[in-house]
Amino acid sequence: MNPWVVDASVAIKWFLPKSPVDTTAGRCYQYAIFAQEGTAMAQILVRNLDKKTVGRLKQQAKRKGRSLQSEVKTIIEEATHEADMDTVWRRIEQFRNRLKGRKFSNSVELIREDRDR
């Protein structure tokens, strides 16, 4: 039986452990799966984030007109998105076009100068 294809009322009983916190093998994370209109939704709790990190995330979310939750969700989705090779090569070509025609200094001289210090 595929556990992802179940009735919504069964899904909650099937997936939620007796304790919502799993501490298996020293890991500590909280999870819950909710069935909404036949789809399973997961929730993740990240503990021990630095206050500065949370502050930067809040500022970033505010600049983009999003909630903190929406900003973190977007970051995770973008970080885990698998781009196909056509998209990758298109982005590389766009970057090359932005640099086209520019003159760059000879970095060998700069590196030698830095090493001689």
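The values are calculated or read from the model by the stated rules, or taken from the named source; none is laboratory data. None of the values given here were measured: they were computed from a predicted structure. Glycine gets a Cβ as well: all are built from the backbone with ideal geometry, and neighbour counts include every protein chain shown.
Ala42 passes all but one of (1) more than 12 Å from the chain's Cα centre (by Cα); (2) modelled with pLDDT under 90; (3) in a loop (DSSP other than H, G, I, E, B); which number fails?
It fails just one condition, (3).
For Val88, state whether it is modelled with pLDDT under 90 and surrounded by 10 or more Cβ atoms within 10 Å (Cβ to Cβ).
Considered against the rule, which asks whether it is modelled with pLDDT under 90 and surrounded by 10 or more Cβ atoms within 10 Å (Cβ to Cβ), Val88 comes out as yes.
Keeping to region 70-82, report how many residues are over 11 Å from the mean Cα position of the chain (by Cα) and exposed (fewer than 10 other Cβ atoms within 10 Å of the Cβ).
Number of matching residues: 1.
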